[in-house]
Amino acid sequence: MHFVIQNPRLLLHPRSLPLQFIQSKYPRRCLHGAAAASATLCPPAAPVFAVPPTSEILSIRGSLLSGRRKAAEIAGEYLDRLHKVEPQIRSFLHVSETAMREAEELDRMVAGGKELPPLAGVLVGVKDNICTLDMPSTGGSKILEGYRPAFDATAVRKLREAGAIVLGKTNLDEFGMGSSTEGSGFQVTANPWDLSRVPGGSSGGSAAAVSAKQCVISLGSDTGGSVRQPASFCGVVGMKPTYGRVSRYGLMAYASSLDVIGCFGSSVADAAILLNVISGHDRLDSTSSKQEVPDFAKELVSLNNVDSKPLNGLRVGLIKETIGEGVGIGIVSVVKAAASHLEQLGCELTEISLPSFSLGLPAYYILASSEASSNLSRYDGVRYGNQVPTEELSSLYCNSRGNGFGTEVKMRILMGTYALSAGYYEAYYKRAQQVRTLIQKRFKDAMIDNDILISPAAPSAAYKIGEKTNDPLAMYAGDIMTARAKQNRGIGRLVLLSWLSRTVHRGKAACASSCVPLVQEVVQLVVCAVFALTTCLYGCEMSGRMMVAARLVVNVNLAGLPALVLPCGFVEGGSVGLPVGLQMIAGAFNEDKLFRVGHIFEQTLQNCRFVPPICE
């Protein structure tokens with residue numbers, strides 16, 4: 001079944017966006033444009049309603065229908081581009097051998113007068129932890145090197161049915177465990193904006209491929225920010241849908257209750273069209289939702305012949321915990337400028353507080369590591385992946401997993417096994433689930449008084465390759481809001497206890513009195529479980545500043561909400577500056593609202609051109 005793609009010029013007026021006007025219960029402080037925009041390198045100008053930039057997907061479709069171009073010509077150009085920049089970017093692990101044949105088949109359809117499917121001729125990159133029948137699917141791990149699945153993931157099958165051409169499989173941190181793509185078992189991907197910097201992770205290959213124009217759109221996965229942080233680092237649009245919106249069948253499981261398949265595109269329109277194709281219930285995935293899938297493309301609007309306040313009355317909450325200590329000054333300035341831009345478009349901008357944000361990191365790592373320790377037990381050298389032959393079965397397991405898994409994967413399996421072990425399940429895993437419930441409730445309450453929430457997508461721009469390789473605590477924080485930690489082999493228990501004391505004190509002050517006993521106990525037990533082992537093995541000093549910074553993207557995964565990241569400005573770095581992403585969060589299954597707001601924001605932002613130097 002195919003849906004109809006409409007041209008954005010003919011779509012709904014922005015005033016059709018449903019708004020709620022409810023008295024606020026949260027502390028709110030109004031932000032005003034001029035002050036909020038100070039110090040940004042890309043200040044927003046007054047809205048100028050020009051013709052929206054052309055969607056790459058719609059452009060390809062239009063050229064095929066008009067006969068101006070052939071699918072084989074388009075595919076050839078992208079393949080040439082891929083091979084030209086791949087030695088520098090290293091975003092692909094495998095490239096399709098059938099892409100040109102598929103494009104030629106589409107040309108025969110056009111010549112025969114057949115109706116073209118919605119993604120006809122669109123070149124797509126697929127993260128290598130999403131199964132493809134015709135190419136290896138390694139998860140970025142040596143243990144699955146050369147492994148070819150016997151089926152396509154549901155999302156990939158839907159792409160093919162919609163006429164898309166899967167161009168290749170993109171690089172990632174091993175099994176999605178990382179935030180820089182340096183954790184791949186095969187190669188390190190570079191950022192197209194500065195080849196000495198990381199593209200983010202774990203979906204760094206997918207983000208870099210779209211940014212470098214190696215493909216039109218791409219699929220990633222998001223367990224704790226793995227679509228949104230790379231989108232910010234690479235200056236592209238990234239969408240993490242609501243948990244259950246897209247089938248996970250064929251996605252290699254990392255943390256099953258957190259994993260979602262997400263979308264990358266060079267525009268909001270492309271991300272919306274891609275999500276429309278892959279969404280929907282799947283009988284092969286019991287966690288996929290039966291919620292009706294709207295036509296997200298219809299929620300995009302033309303900015304011709306509308307007033308100067310297309311988002312008039314939209315209530316936007318800037319989360320103050322995400323623009324405080326541990327977040328770069330330049331990042332804060334750019335995000336406040338973006339908030340000011342939304343204000344100029346008619347939004348009612350306020351600052352809100354979500355104290356539960358500080359609890360997200362420890363709960364996330366308990367839950368994710370626990371689920372990973374179970375999910376990754378299938379890779380034993382017998383059922384899947386590479387095998388190290390030995391005479392004893394136990395040695396086969398140990399040697400195959402020991403040689404096949406990288407350091408980060410082993411670390412998280414170890415943490416998860418510890419949290420699930422006898423005598424610790426109640427203390428750690430169960431309490432982490434209680435924290436998750438608390439975070440979900442806080443988000444639900446916040447959405448009563450706000451249509452969307454906004455925050456930075458990362459606390460810094462892309463950092464140098466190798467900068468955090470030997471700093472696991474900072475890398476963990478990078479899954480959400482990365483900050484620095486110091487290397488210190490002489491760390492003692494006092495550092496940990498001191499940090500815990502400060503965290504518990506903040507939890508008491510921030511949460512209602514009825515929650516204080518739970519928060520205090522959870523923070524002590526969960527944080528100890530996650531970080532004590534890491535500290536012993538790596539000798540890293542945990543600074544309060546680093547942990548305060550580690551509080552953003554994973555909270556959205558814990559709550560199961562949709563979030564859209566789109567570029568909003570630049571900070572200093574590289575030859576032309578480094579992109580900064582703005583995160584927009586909405587209530588469950590409200591992706592259409594995010595696409596509409598993001599589309600208007602994207603096309604009225606002034607003085608920003610998000611094309612990396614490698615594409616010039």
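The values are calculated or read from the model by the stated rules, or taken from the named source; none is laboratory data. Source: prediction; values computed, not measured. FYI the Cβ positions are ideal-geometry reconstructions off the backbone, even for glycines, and counts take in every protein chain you see.
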What helices (runs of 4 or more DSSP H), lying completely within segment 191-283, carry at least 1 residues that are assigned by TED's automatic domain parsing to the domain that holds Glu161, touching a strand residue (DSSP E or B) at 6+ places or on another chain (Cβ under 7 Å) and of a type in the set (D, E, K, R)?
228-234, 268-278
Neighbours by Cβ (under 7 Å, 6+ apart or cross-chain): first from segment 276-294, under 21 Å from Ala164 (Cβ atoms); second of a type in the set (Phe, Trp, Tyr) and in a loop (DSSP other than H, G, I, E, B)
Asn276/Phe3; Asp282/Tyr249; Leu284/Tyr249; Asp285/Tyr249
Being among the small types (Gly, Ala, Ser) and either surrounded by 13 or more Cβ atoms within 10 Å (Cβ to Cβ) or in contact (Cβ under 8 Å) with a residue 60 or more places away in the chain (or both) is the requirement here; does Ala422 meet it?
no
Could you list, in sequence order, all residues of segment 314-325 that are closer than 13 Å to Pro459 by Cα and assigned to a loop (DSSP other than H, G, I, E, B)?
Ile323, Gly324, Glu325
List pairs: first in segment 203-215 and over 11 Å from Ser266 (Cα atoms), second of a type in the set (Asp, Glu) and assigned to a loop (DSSP other than H, G, I, E, B), Cβ under 9 Å, 6+ apart or cross-chain?
Ser203/Asp173; Gly204/Asp173; Gly204/Glu182; Gly205/Asp128
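A quick yes/no check of all residues on (1) assigned to a strand (DSSP E or B); (2) hydrophobic (A, V, I, L, M, F, W, C); (3) free of Cβ contacts under 8 Å to residues at least 24 places away in the same chain:
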| site | (1), (2), (3) |
| --- | --- |
| Ile74 | no, yes, no |
| Glu86 | no, no, no |
| His94 | yes, no, no |
| Leu106 | no, yes, no |
Would a scan of segment 331-352 turn up a residue that is surrounded by 17 or more Cβ atoms within 10 Å (Cβ to Cβ) and touching an Asp or Glu at 6+ places or on another chain (Cβ under 7 Å)?
yes
Kindly indicate which of Leu311, Leu361, Leu342, Leu367 is hydrophobic (A, V, I, L, M, F, W, C), in contact with a Phe, Trp or Tyr (Cβ under 9 Å, 6 or more places away or on another chain) and not in a helix (DSSP H, G or I).
Leu311
Check off (1) of a type in the set (D, E, K, R); (2) part of a helix (DSSP H, G or I); (3) closer than 29 Å to Leu144 by Cα for Arg383 and give me the number that stays unchecked.
(2)
Given the criteria over 16 Å from the mean Cα position of the chain (by Cα), at pLDDT 95 or above and either under 17 Å from Val227 (Cα atoms) or not aromatic (Phe, Trp, Tyr) (or both), does Asp295 qualify?
no
